[in-house]
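A.B. asks: First the structure, then my questions, so here it is.
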Amino acid sequence: MNLSTKSDKGVSPGNTKVGETLASAVYDRLLEDILNGSLEPGLKLRLQVLKKHYAVGNSPLREALNRLSENGLVVREENKGFKVAPASEEELKELIRTRCWLEEIALRESIRNGDESWEEQVVLAFHRLSRISSPGGGKENYNTREWEQRHREYHVALMSACGSSILLGYCAQLHENTLRYRNLAAVMEYRERHELEEHKAIQAAVLNRDAELAVKLMKAHFEITAEIVLSSGSLS
C-alpha cells in the first residue's frame, strides 16, 4: 500500500468540516484513495495500518469500511476482514452497461420534464467544464481533481431534472465505480480523443430536446472510455 504521494497525512476532528463526523471524513479519504488507485484492487485493508495512516480510531474506520462495502468498492470477507474490491474486464463491462441503462432513463426524463432553470444548469456546468478542459493551447487537461469535479457536475446536471433522487443516487455510485477504472488505466495520460467535443454534442442534443440523439451520444461517450480502458491492458 503506497499512500504517501497521493494522500494527506491523516484525518482528525480538527480538519473535518462543520457537522461532519469522523467516520464520514475517513470514508471520504478512503473513497478518494480507492478511486485514485492509491489503494490497489484486491489489497488487504489491515486495520492497524489504516488507523495509523488516517490517524483515526477503530470504530469510525470500521463504519467507513462498512459503508464502502455497501457501495461495492470494498469487499468484506467473513472472518478475514476487508479488502479493496478487485477490478476486472467483466465488471467494467457490466458497470458501463448498467450505467447506460440507468442514465438513459434519467436523461430521457430530464429532457421531458426539465424547465428553463434546468437548461441553464446544463449550460453553466458545460461552461465550467470547458474552462478547465482547455487550460491553454487547446490541449485538454483531465488529470486534475478539479477537472473530475467539473466533469461529475456536468453529468449530474444533465440528469438533475429526472425527478428521482434514488435514481440519481444509483447513477452517482456507478460513476464512482467507473472512475476507479479510468484512473487505474491512467486514461487521461494517453488517450487521443476530444472529450470536450463529446460533452458539447451531448449538451446540444439535450438543449434541442432530442432525446434519441442525446442518449445515443451519451452511450457512445461511456463506451469509448470503456474501450480505451480495456485496450490499455491494465486489467489483464
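Since every read-out is calculated from the coordinates, none of them should be taken as a lab result. Keep in mind the model is a prediction, meaning the values are calculated, not measured.
A.B. asks: Give the long-range amide H neighbours of residue 74: residues separated by 5 or more places, or on another chain, with amide H under 5 Å away, using H modelled in the peptide plane at 1.01 Å from N.
C.D. replies: 69, 85
A.B. asks: Straight-line reach from residue 52: which aspartates and glutamates fall under 13 Å, measuring Cα to Cα and dropping same-chain residues less than 8 apart?
C.D. replies: Leaving aside aspartates and glutamates fewer than 8 places away in the same chain, those within reach of residue 52 are 8.
A.B. asks: Need the list of aspartates and glutamates near residue 200 for cross-linking: C-alpha distance under 18 angstrom, and skip anything on the same chain fewer than eight residues off.
C.D. replies: The reachable aspartates and glutamates, counting only those whose Cα sits under 18 Å from residue 200, are 103, 104, 119, 120, 140, 148, 153, 192, 210, 212, 223.
A.B. asks: When averaged across all projection directions, what area in nm² does the alpha-carbon convex hull of the range 13-84 cover?
C.D. replies: Orientation-averaged projected area of the Cα hull: 4.7 nm².
A.B. asks: State whether the range 89-231 is rounded, prolate or oblate according to the following rule on the C-alpha gyration tensor (a ≥ b ≥ c being the square roots of its eigenvalues): a/c under 1.5 gives rounded; otherwise a/b larger than b/c gives prolate, and the remaining case gives oblate.
C.D. replies: oblate
A.B. asks: Which whole-Hz ³J(HN,Hα) couplings does the range 66-78 yield from phi under the Karplus relation 6.51 cos²θ - 1.76 cosθ + 1.60, θ = phi - 60°, glycine and proline marked x?
C.D. replies: Once θ is set to phi - 60°, the couplings for the range 66-78 become 5, 5, 5, 5, 5, 7, x, 8, 10, 10, 9, 9, 4 Hz.
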